[in-house]
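Read through the structure below, which is laid out as structure tokens, and then see the notes.
The values are calculated or read from the model by the stated rules, or taken from the named source; none is laboratory data. Predicted, not measured: the structure shown is a model, and the values here were computed from it. In this analysis, Cβ positions are derived from the backbone assuming ideal geometry, glycine residues included, and neighbour counts consider all displayed protein chains. Accessible surface is based on the protein model in full, side chains and every heavy atom, while ligands, DNA and RNA are left aside. Shrake-Rupley method; radii C 1.70, N 1.55, O 1.52, S 1.80 Å.
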Amino acid sequence: LTQVLGETLSIEDTFETILRELQDVVPYDSCSIQVIQGDRLVIVSGHGFDDLGGMIGVGFDLDDESNPGIQVVRSKRRLVFADVAQHPHFASREHGGGRIRGWICAPMIVGDRVIGILSVDKFEPDFYTEELADLATAFAAQAAMAIENARLLETERAAREQAETLRAAAESL
């Protein structure tokens, strides 16, 4: 992932690279990247879901204390569960529809600001350990920097295009 930090990838390509490389570090059956947009935590990318298209853009209220992902955002600390089978949150479609058993959620932090979470799922219980959670957390820190860099590049690219459009308009006048 470190080499991705230096590349000029689109934000979508950055998400895809993060998810692909994560599989080599922390094995998963499904996973998602969720970023804070306004007062919501929004699914922006994922792997391993039957209906990923229907999930992209789904958001969760940052005030929902029952959502363990929101707890990670607020505490800035990871959560790891050996088995979430009895957790009511994981029964909903957006949270695996009851298939997810092992779960790690790591905050993506830039500076002291949480920009989102990395949610990693296994369909078998007792797979995830504290060691794997440590790896996921370290990976999430790298992912946060890659996402922030991609965002900055996209903002810069858009500003450059706008300046070029204004320059061309001024020339034609």
| message | For the range 1-90, give me every one of the strands (runs of 3 or more DSSP E) that falls completely inside it and has 1 or more residues that are aliphatic (A, V, I, L, M) and open to solvent by less than 30 Å² (accessible area, probe 1.4 Å). | response | 30-37, 40-47
| request: With the condition kept exactly as written, say whether any residue in the range 66-84 is in contact with a strand residue (DSSP E or B) (Cβ under 7 Å, 6 or more places away or on another chain), closer than 20 Å to residue 41 by Cα and among the hydroxyl-bearing types (Ser, Thr, Tyr). | output: no
| task | Test residue 153 against the stated conditions and say whether it is over 22 Å from residue 43 (Cβ atoms), open to solvent by 10 Å² or more (accessible area, probe 1.4 Å), touching a helix residue (DSSP H, G or I) at 6+ places or on another chain (Cβ under 9 Å) and not in a loop (DSSP other than H, G, I, E, B). | result | yes
| task | Kindly indicate whether residue 114 is part of a strand (DSSP E or B) and under 20 Å from residue 20 (Cα atoms). | result | no
| said: I need the full set of residues from the range 152-173 which are closer than 30 Å to residue 115 by Cα and polar (S, T, N, Q), in order please. | reply: 155, 162
| remark: Of (1) part of a strand (DSSP E or B); (2) of a type outside the set (Val, Ile, Thr); (3) out of contact with any strand residue (DSSP E or B) (no Cβ under 6 Å at 6 or more places or on another chain), residue 131 satisfies every one except (1)
| query | Among the residues of the range 96-105, is any basic (Lys, Arg), in a loop (DSSP other than H, G, I, E, B) and surrounded by 16 or more Cβ atoms within 10 Å (Cβ to Cβ)? | reply | yes
